[in-house]
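Take a look at the structure below.
The values are calculated or read from the model by the stated rules, or taken from the named source; none is laboratory data. From a predicted model like this one, the values you see are computed outputs, not experimental measurements. Methodologically, a virtual Cβ is constructed for each residue, glycine included, from the backbone with ideal geometry; neighbour enumeration extends over all protein chains shown. With ligands, DNA and RNA removed, areas are computed over all heavy atoms of the protein, side chains included. Shrake-Rupley method; radii C 1.70, N 1.55, O 1.52, S 1.80 Å.
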Amino acid sequence: MTHFRRILLAILALFVGVAVANAQTSNGTVIGLITDTTGGAIVGATVTVTSVDTGAVRTTLTNQEGTFRVESVLPGVYNVSATAPGFQTTVNSGLQVPGTAIISSSLVLKVGTAADKVEVSADNAVLNTDNGQIDGTIGEQEISSLPIASLNPYELALTLPGVTTTTQGAFTNGVAFNVGGGRPRSNNFLIEGQDNNDAGIQGQGLQPGNDEAVKEVVIIENAYTAEYGHGAGSVSNLIFRSGSNQWHGAVFERLQNNSLDAIDHQDHFNGVTTQTKYRENMPGFRIGGPIIHNKLFFFASYQWDYYRSSANLDVLSIPTAAGLATLKALPANPYLTNLLKAYGPLVGTINPNDTRPAIPLGPDPVTGVDRGTVEVRTTQRNLGANDDAPEIDLKGDYIIGPKDTLNLRFIRNKFTAPFDVFNFTGQLPGFDSDQDGTSYNTGIVESHLFSPNLVNEFRASYGRIGFTFGLPSSTTSNPLAALPVVEFTGINLNGYGIFPGTVPQGRFHNTYQFQDTVSWTHGKHFLKIGEDIADIRVTDSIPFNFNGIISYATDTRATTVPNPGGGTQTFAYNALSNLIDNFGGPNSTVTQNFGSPKARPRIFSQNYFAQDTYRPRADLSIDLGFRYEYNGAPFNADGTPYPGIDFSNIACFPS
């Protein structure tokens, strides 16, 4: 009992002294029962778990119930052997151990000598007999065989029972799905046990797209232990491939194009008679192997992603050639001149299937001379929908010694689109936007065996997402892009400008995470305690009405103006007439925001847990766990106490 207390105090001291939390391991666990041919438990049998991939060896003894447990086993293929005095050695070969899973490997020993060996092949039925956790593993075969439209392996969670596609409330980053009826924002996403969540809208922070580098995805749906937290929904843990003693690799190319596509129905309606052409080439390679046999291993993969296409953008309401001639014949003024410059080369074409009402300009408010009618039709811009999205995935594994292993990971993917034809598709030439973003996920894991029954796992990680919806040089060099937005209400005609709530905007999230977990097998008890500390630093650029909006509206009442033949006449001027006359009218509005578009919230997350799995019998386990989470309230970094307000700007607080 004194020995028990000393070890418990040592564990508690580590629990208090290490600043770390969420403690979700990506390693597996091997448990089992060693019996003789009569079903009797064999106490003190030596159980050896040997990695087929790296040669790493873990050894333990069975307890008084004949059971054993080997914690913190790297995902891979293992041979599990058991022997005891007076019994033959029995080997269960080819046992697949997924990450974040508990795998049973029970063996029956026959009377004989240890030199006699009986070998059986593992059936690899992933059956968790240790607790009530409901989970599923998407392995290499499923990842390589099943179609993934987004190339995001988290999407394969939809192949599991209880997981459904989100039909409402799916505003999250990456792939959204419901697990057991829970909200998509309740799901927790990990990469090898370390945080991969979007700190703002939830979902995946880094969205991997190189499936050749992914080993498996484990989705824990329900009834998980106190070790897991962060949300009330599922836990999805993605694990990348590693190197081994055998060299392995591949060179690959994926190709998608429009060869078998039909013409879009809406394009037919707009008179487009050719396919929207696209081609996506995704060449890449992967390679892994030993640097030092049984000691040091590496894995590397790189995938290029070139998407080349053209995109038919929104249908725009633009004056026809006759309508433009009507406008150009009017006396010049800055407001009309800017509108004509904004339209640039665009001309509304005559499409009998899509007509627009003509816009009467009404009489000149000074002379009373009728200014004619502006004919309006539609046009549709076509832009190059090109983007590049390369990804690099690196892994390193180092078996320092019998008691220590070190694992390293570096993931980087990038997305660049010169023109954002995916989100803001109703702009005029010279007002386009672009996309650019880079995400990182790096981690280090150190596992130390104090004894076969006492294991410590320390993890440190850094994750970053950085996305901008910005303005290309073709827009920033356009003088009109810096002017207030001009829009028309009450008539069917496009205005111009960078519309508020769109661009520029950006999201930059940096997560620094430290975790530590101690696992201790003592008799019939398996105790696990851990902590997880995360410092999440966010810098968001909020879409902001920098330049203002001038909204020209159609008058609701008529205005009396001179009549060229004498007397007066009345006319209810529309929004285009009011722009030409620089007259707001009773219904036009001008809006503009003032302040800072930056929000810099910081979150300091603390998570602690302790759990005990008690097995009074080999076929019965009881879990008792406690978890404490404290995320506090997000607070803004110095210099931005309130998003949207800049105290140094006199416009916020005019005297």
Problem - Separation of the ASN257 and LEU408 label points, Cα + 7 Å toward Cβ, nm - result: 4.1
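With an 8 Å Cα cut-off and a minimum separation of 6 or more residues, compute the relative contact order for region 169-260 in percent.
On the way: 131 pairs, mean separation 27.1, N = 92.
Relative contact order of region 169-260: 29 percent.
I want to verify the translational diffusion coefficient of region 314-380 in µm²/s; compute it with Stokes-Einstein, Rh as the Kirkwood radius over Cα pairs, at 10 °C and 1.306 mPa s.
Details: Rh = 12.6 Å.
Estimated diffusion coefficient is 126 µm²/s.
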Handout entry: Accessible surface, the chain, averaged per residue in Å² (probe 1.4 Å)
Key = 45
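Run the numbers for ASP388 and THR59: contour at 0.36 nm per residue of separation, minus the present Cα-Cα distance, in nm.
Stretched out fully, the ASP388 to THR59 stretch lengthens by 113.6 nm.
Sort 468-476, 419-427 for me by packing, meaning the mean count of neighbouring Cβ atoms within 10 Å per residue, highest on top. List each step's numbers first, then the result.
On the way: 468-476: 16.6, 419-427: 18.8.
So the order, starting with the most tightly packed, is 419-427, 468-476.
Using only alpha carbon pairs under 8 Å that are at least six residues apart, calculate the relative contact order of the chain and give it in whole percent.
About 11 percent, as a whole number.
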Fill in the blank from the handout: A student applying the Cα gyration tensor rule (rounded when a/c is under 1.5; otherwise prolate if a/b is larger than b/c, oblate if not) would label the chain prolate
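Taking 37 °C and 0.692 mPa s as the conditions, I'd like the Stokes-Einstein D for region 410-453 in µm²/s, using the Kirkwood hydrodynamic radius from alpha carbon pairs. Before the final figure, lay out the partial values.
Numbers: Rh = 14.5 Å.
Answer, rounded: 227 µm²/s.
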Exercise for the section: Could you compute the FRET efficiency for ILE350 and GLN246, with r as their C-beta to C-beta distance and R0 at 60 Å, rounded to 0.05? Expected result: 0.30
Practice task
Would you mind computing, in nm to one decimal, how far apart the modelled labels at ALA115 and ALA460 are, each placed 7 Å from Cα along Cα→Cβ?
Solution key: 5.1
Handout entry: Kyte-Doolittle mean at least 0.0 and Cα axial length at least 18 Å: DSSP H helices in the chain
Key = 2-17
Handout entry: Selected from LEU151, THR50, TYR398, residue furthest toward positive end of dipole (the chain; charges at beta carbon)
Key = TYR398
Practice task
Please get the size of the charge dipole for region 547-627, origin at its Cα centre, with Cβ charges of +1 on Lys and Arg and -1 on Asp and Glu, quoted in debye to the nearest 20.
Solution key: 400
Practice task
State whether region 188-279 is rounded, prolate or oblate according to the following rule on the C-alpha gyration tensor (a ≥ b ≥ c being the square roots of its eigenvalues): a/c under 1.5 gives rounded; otherwise a/b larger than b/c gives prolate, and the remaining case gives oblate.
Solution key: oblate
Problem - Protein accessible area in the chain, 1.4 Å probe - carbon and sulfur % - result: 58
Problem - Dipole magnitude (debye, nearest 20) for the chain, charges at Cβ of Lys, Arg, Asp, Glu - result: 680
Handout entry: Partners for LYS403 among lysines (Cα-Cα distance below 26 Å; same-chain residues under 8 apart left out)
Key = LYS215, LYS295, LYS395, LYS524, LYS528
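Looking at the chain, what % of its DSSP beta bridges pair antiparallel, to the nearest 5?
Details: 195 of 217 bridges.
That works out to approximately 90 percent antiparallel.
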Exercise for the section: Could I have the simple spin-label model distance between ALA558 and SER150, label points 7 Å from Cα toward Cβ, reported in nm to one decimal? Expected result: 5.8
